[in-house]
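Where a number appears in this text, it was derived from the coordinates with a stated rule and is not lab data. Fair warning: this is a prediction, and the values are worked out from it, not measured in the lab. As a convention, Cβ positions derive from the backbone with ideal geometry for all residues, glycine included, and neighbour counts pool all protein chains shown.
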Amino acid sequence: MPDTSTSRVSHEHWVKVLLLGGSGEARELAELLTGEPGIDVVSSLAGRLRNPRLPDGEVRVGGFGGAEGLRDWLHENLIDALVVATHPFAARMTSNAIDAATALGLPYLVLRRPPWQPVPGDRWTPVESMAVAAAVLPEFGDRVFLTIGRQGVDVFAEVGSWFLIRAIDRPSRALPPRHELLLERGPFSVEHELALLENHGIDVLVTKNSGGDQTVAKLAAARMFGLPVIVVDRPDLGVSAAVVDTVDGVVNWLRVVRGSASA
Ligand code: NAP
């Protein structure tokens, strides 16, 4: 009897894809790929949010146990290709994914939406890390809109400014002594963001350069009020990896992978 246990590609001409998610683009991709013939997708979420927006199709939740755990998981689950569509600040998962795919010789692609770019009227100060943002913050204002999500808020725990802290779920680590917590999930309108800035007397914003349209309205609102924005740059990928910046780019790549698998 032929051995059909090790390769789906050569026997069925289907490509099984692990899609590392945690971004809006990953959900969009999962939806698009549901209708794509010959491509079988499993989405993976870290499991950080209490009430995540789940992608279409098969979903698994939780860490893999580092690059080695992921490598084993990819092997055991007969994955043919890996798509890294995590949030641009999920540096560890991205690096683990590249290491695991490289070790197995698996085709992989990183999807990163383009970063936001300043436009005339913006008063941005780009910084390389959250720690630098916390160090320079007092030079810019005393009433801070901290819109970095729940991770990294503890870096500001020793800063004496007043903070409006926005996140989807409550941060689990130390918070600055003077703050108000606002639990809400985007997308946000410019009107919503203008009202927040005005009602809380905000004089400076801190954001990651996440990119995308879900949370970009705060930057337009800051521009309209002439407020400074401290923008934390994205972490480097650390290696030269194949990167695209659109979901269509991923779909086209997967079609090529599927084509070469069935050739
Ligand atoms: P990270 O620092 O890069 O990853 C930390 C660990 O979380 C990874 O080593 C991995 O655990 C696990 N993990 C991360 N993404 C995963 C995924 N898609 N599926 C399974 N396990 C995953 O990531 P993070 O910054 O903590 O972000 C966690 C998740 O939230 C990511 O999926 C990211 O896309 C999403 N997110 C992050 C941000 C942000 O600003 N960082 C914002 C919005 C959404 P193991 O080592 O055990 O495999």
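Tabulated values for the structure
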{"read-out": "Rounded, prolate or oblate (a/c below 1.5 giving rounded, otherwise prolate when a/b exceeds b/c) for segment 1-133 by Cα gyration tensor", "value": "prolate"}
{"read-out": "Counted charge near residue 46, where neighbours are those whose Cβ lies closer than 11 Å (Asp, Glu -1; Lys, Arg +1)", "value": "+3"}
{"read-out": "Inter-label distance, nm, simple model (7 Å from Cα along the C-beta direction), residue 157/residue 236", "value": "2.9 nm"}
{"read-out": "Cα gyration tensor shape of segment 123-232, rounded if a/c is under 1.5, else prolate or oblate by comparing a/b with b/c", "value": "rounded"}
{"read-out": "Cβ-derived FRET efficiency at R0 45 Å, residue 59 paired with residue 119, nearest 0.05", "value": "0.75"}
{"read-out": "With Cα atoms, 0 to 90° folded angle of helix 247-262 axis to the chain main axis", "value": "10 degrees"}
{"read-out": "R0 of 41 Å, Cβ-Cβ distance residue 245-residue 178: FRET efficiency to nearest 0.05", "value": "0.60"}
{"read-out": "Alpha-carbon centroid distance for the pair segment 134-148 / segment 60-108, whole angstrom", "value": "35 Å"}
{"read-out": "For segment 27-104: rounded, prolate or oblate by the Cα gyration tensor [a/c cutoff 1.5]", "value": "oblate"}
{"read-out": "Zone residues, segment 162-194, relative to residue 51, backbone N less than 20 Å from point 7 Å out along Cα-to-Cβ", "value": "165-172, 181-189"}
{"read-out": "Relative contact order [Cα under 8 Å, 6+ residues apart], the chain, whole percent", "value": "21 percent"}
{"read-out": "Net charge dipole size for the chain [Lys, Arg +1 and Asp, Glu -1 on Cβ; Debye, nearest 20]", "value": "300 debye"}
{"read-out": "Degrees between helix 190-199 axis and first principal axis of the chain (Cα, 0 to 90, nearest 10)", "value": "40 degrees"}
{"read-out": "Mean separation of Cα contacts under 8 Å (6+ apart) over length of segment 122-263, as relative contact order %", "value": "28 percent"}
{"read-out": "Förster radius 45 Å - calculated FRET efficiency between residue 135 and residue 75, Cβ distance, rounded to 0.05", "value": "0.55"}
